[in-house]
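Novice: Here it is, the structure in full.
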Amino acid sequence: MLICLAVLTGLWPCPPTALADSAPKSPYSLQTIDLAVSGRLIQLKSGSALALNPDVSFNVVRASTDAWFDFGLDYRLRSHPSYDLRAPHTLREILGEDKVYHVEAVALDVYKNGLPVGTVSLLVRPSSLDWLRRAQSVEALEDKILCMKKVWELTPGDEMVFQQLLGLLIEAHQYDQAVEMLKAALAEKDDPALQRKLADLYAKQDKPEQALALWSRLLPASPQDAQLLSDMAAAQEQLRRWPQAAESLDRLAGLQRGRLKAATLLRQAKALQLAGQTERAVEATSQAATADPQNVAVWNDLADQMGALGRRGQQLDVLTKAADLHPTDFILQQRLATALLEAGRRDEALAQLERLAAMRPDDAAILLKMARLLDEKKDRKRLTELYDRLGKLRPDDPDINFNLGVLHLDAGRLDQAADKLAVVAKAKPDDLDVQEAYFEALASQKKWDQAAEQAAAMFAANDAAKVAAIVYPGLAANRPDKLAAMLDKALEAKPAAKSLYEMRATLALDREKPREAAKALAKAVEAFPDDLAMAMRLAELYEALGNDAKALALFEKILDKNADYPEAQEHYLQLKTRMLSNSDRKK
């Protein structure tokens, strides 16, 4: 029945029903009031309360007071005084749809001759069905929870209500309340389903220890439950219990196939690695690759593990197989090329790089790796073709232009070599290798005036002795005057290299200018006084020029420093004898 006929006094938690002290008082007091509730007569004492369902009709039949006659009585609801309570009404009708779920009680006041004589309370008590309908109609999750809690209070043993309220609490992330509900339910009965839900809630609360304890109790009865094993493994991973996690994942993988199994095996491999079981980790990853061969990430992981163990051969085998399975995966193909290079398998690496270049024809880094291999193989034709491609990709790259220029030079394509090397030489004035290559290109073309200009630029930006060694043969034979001027300018620097003096002297002698040679050697002897060979060469040149006095003085200096210096004493004695003989003849 929708009607609650309990008439209780002081037991219902309802608001006070007394009128304000300032209200006028009647000399009479209410004793009883009779209500017709759904056609059934109920008598209430003054100050008592009656619980009513909002949809039950009620009306006042009569009342009695301590007066001789009960004439002039009137009945009003304090919050809604306009209603005629002698006619049937419902609390839903009076309060409205919303307030019947928020108002605890209403006061029914009895008046005699316009003055209050007493009050009774009508307690608003929706049924469980009312609260259930209310829960379905409200939108806010909090309101739904409030309604379902009322339903649960009224029907504490209803399984459907329990599950609905539990679901709402979980949806609202009110996990603590949900946990308390489940713990209370489990205290009454040992239900595996409720234990599972409680474990799941512990996991949501980030309490893996408690969750794992419950899941472990459930596992013996459900050893093939994949979700249970997965949840256990996740908790063990969170708790860093790697051996146990690996075991749970191994059992889980045995229930799975394909990609799902591969993902589980990868988790197991990670757990085994962290547990220090490297060999088993590699085995698990290998099984993952077998379970899902189209998963590139699995192959990369397996290759990484092989490399970490130093198994380069097996790593290369893995990459080769993976590359065959995934011919369009650039990263995988690139790893294979690198592994082949590290293994010293140059021809296979070159072929692999060619495949990469076909996949990314504009990737200069790949072409440069190919260039190094072709250079090792001395394959100048293919190397030149490769650098031509590189030159188009990086037209302003000085290193590429330099290598291309040298290749053209080696192949006798002198004009092309000179064009490329001219650009590089301008960009790298202090790079002697570049400057030398450009000079050789000009010299090979017999463009000696341009070669001389290039040599002058080289002297200005680089070590003069190194430059002189490079340019001397060509310029000495073809532009000796310009070379002589360059050497003279270089000798002005202090200190100048000894070889510069020697080359300047040699150049002068080759041009049959012994006095220039003597001048250069004299400067050399002054700069390097301890170089007796240089002094000996100058002394012999002075002697040949007939400058006996200077020659004799130099021989004396040489003998002073080294009395046993080869041929010095012989030259000195012969020259001294000749000079004395000439002196006597003049007398």
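Novice: Using the structure shown, decide if Val298 is open to solvent by less than 10 Å² (accessible area, probe 1.4 Å) and more than 30 Å from Gln195 (Cα to Cα). Please lay out each step first, then the result.
Specialist: Numbers: open to solvent by less than 10 Å² (accessible area, probe 1.4 Å): yes; more than 30 Å from Gln195 (Cα to Cα): yes.
So Val298 passes the test.
Novice: Do you know which residues across segment 474-490 are hydrophobic (A, V, I, L, M, F, W, C) and loosely packed, with under 15 Cβ neighbours inside 10 Å? Give the steps one after another, and end with the answer.
Specialist: Step one: list which residues in segment 474-490 are hydrophobic (A, V, I, L, M, F, W, C), which gives 475-477, 483-487, 490.
Hits for segment 474-490 are Ala477, Ala485.
Novice: List the number of the failed condition for Ala289; all other conditions in (1) in contact with a helix residue (DSSP H, G or I) (Cβ under 8 Å, 6 or more places away or on another chain); (2) open to solvent by 30 Å² or more (accessible area, probe 1.4 Å); (3) within 22 Å of Thr320 (Cα to Cα); (4) of a type outside the set (Asp, Glu) hold.
Specialist: Here Ala289 meets the rest and fails (2).
Novice: Taking the options Tyr501, Tyr565, name whichever one is in a helix (DSSP H, G or I) and surrounded by 11 or more Cβ atoms within 10 Å (Cβ to Cβ). So that I can check it myself, show each step before the final result.
Specialist: On the way: Tyr565 fails: in a helix (DSSP H, G or I).
Among Tyr501, Tyr565, only Tyr501 is in a helix (DSSP H, G or I) and surrounded by 11 or more Cβ atoms within 10 Å (Cβ to Cβ).
Novice: Confirm whether Gln268 is open to solvent by less than 50 Å² (accessible area, probe 1.4 Å) and not in a helix (DSSP H, G or I).
Specialist: Working: open to solvent by less than 50 Å² (accessible area, probe 1.4 Å): yes; not in a helix (DSSP H, G or I): no.
Answer is no for this residue.
Novice: Moving on to the next point. Consider only pairs whose beta carbons are under 8 Å apart and that are at least six residues apart or on different chains; among these, list those whose first residue lies in segment 39-53 and is farther than 17 Å from Val124 by Cα and whose second residue is open to solvent by 80 Å² or more (accessible area, probe 1.4 Å) and part of a strand (DSSP E or B).
Specialist: Here the result reads Lys45/Gln31; Ser46/Gln31, each pair linking segment 39-53 to a residue that is open to solvent by 80 Å² or more (accessible area, probe 1.4 Å) and part of a strand (DSSP E or B).
Novice: For segment 463-471, does any single residue satisfy the condition of being among the basic types (Lys, Arg), assigned to a helix (DSSP H, G or I) and touching a helix residue (DSSP H, G or I) at 6+ places or on another chain (Cβ under 7 Å)? Give the steps one after another, and end with the answer.
Specialist: Of segment 463-471, the ones among the basic types (Lys, Arg) are 466.
Checking which are assigned to a helix (DSSP H, G or I) leaves us with 466.
Applying the additional criterion that residues be touching a helix residue (DSSP H, G or I) at 6+ places or on another chain (Cβ under 7 Å) yields 466.
Within segment 463-471, one or more residues are among the basic types (Lys, Arg), assigned to a helix (DSSP H, G or I) and touching a helix residue (DSSP H, G or I) at 6+ places or on another chain (Cβ under 7 Å).
Novice: Also: Let me confirm something: among Gly276, Gly258, which residue is surrounded by fewer than 19 Cβ atoms within 10 Å (Cβ to Cβ), among the small types (Gly, Ala, Ser) and touching a Phe, Trp or Tyr at 6+ places or on another chain (Cβ under 9 Å)?
Specialist: Details: Gly258 fails: touching a Phe, Trp or Tyr at 6+ places or on another chain (Cβ under 9 Å).
Answer to the check: Gly276.
Novice: Kindly provide the set of residues from segment 213-238 that are crowded, with 16+ Cβ neighbours inside 10 Å and not in a helix (DSSP H, G or I), ordered by number.
Specialist: Residue satisfying the conditions is Asp225 alone.
Novice: Could you list, ordered by first residue, the pairs with Cβ atoms under 6 Å in which the first is in segment 218-232 and farther than 12 Å from Ala199 by Cα and the second is aliphatic (A, V, I, L, M) and open to solvent by 20 Å² or more (accessible area, probe 1.4 Å), at least 6 apart or interchain?
Specialist: Sorted first by the residue in segment 218-232, then by its partner, the pairs are Ala226/Leu255.
Novice: Taking the residues in segment 76-93 that are under 17 Å from Val61 (Cβ atoms) and in contact with a Leu (Cβ under 8 Å, 6 or more places away or on another chain) as candidates, determine which candidate is most open to solvent (accessible area, probe 1.4 Å).
Specialist: Restricting to residues being under 17 Å from Val61 (Cβ atoms) and in contact with a Leu (Cβ under 8 Å, 6 or more places away or on another chain), the top hit is Arg76.
Novice: Looking at this structure, is Ala455 crowded, with 17+ Cβ neighbours inside 10 Å, assigned to a helix (DSSP H, G or I) and under 55 Å from the mean Cα position of the chain (by Cα)? Lay out the reasoning, then the answer.
Specialist: On the way: crowded, with 17+ Cβ neighbours inside 10 Å: yes; assigned to a helix (DSSP H, G or I): yes; under 55 Å from the mean Cα position of the chain (by Cα): yes.
The answer is yes for Ala455.
Novice: Can you tell me how many residues within segment 553-587 are out of contact with any Lys or Arg (no Cβ under 9 Å at 6 or more places or on another chain), at pLDDT 75 or above and aromatic (Phe, Trp, Tyr)?
Specialist: Adding up the residues that qualify gives 1.
Novice: Condition first: more than 29 Å from the chain's Cα centre (by Cα) and surrounded by fewer than 15 Cβ atoms within 10 Å (Cβ to Cβ). Now tell me which residues in segment 239-255 satisfy that.
Specialist: Gly254
Novice: Ok, one more. Which numbered condition trips up Ala493, out of (1) assigned to a helix (DSSP H, G or I); (2) open to solvent by 20 Å² or more (accessible area, probe 1.4 Å)?
Specialist: It fails just one condition, (1).
Novice: Could you please let me know if Asp98 is in contact (Cβ under 8 Å) with a residue 24 or more places away in the chain and not hydrophobic (A, V, I, L, M, F, W, C)?
Specialist: On the way: in contact (Cβ under 8 Å) with a residue 24 or more places away in the chain: no; not hydrophobic (A, V, I, L, M, F, W, C): yes.
Judged against the criteria, Asp98 is not a match.
The values are calculated or read from the model by the stated rules, or taken from the named source; none is laboratory data. This is a predicted model, so every value here is computed, not measured. Backbone-built Cβ (ideal geometry, glycine too); neighbour counts: all protein chains shown. Just the protein is used for accessible areas: all its heavy atoms, side chains included, with ligands, DNA and RNA removed. Shrake-Rupley method; radii C 1.70, N 1.55, O 1.52, S 1.80 Å.
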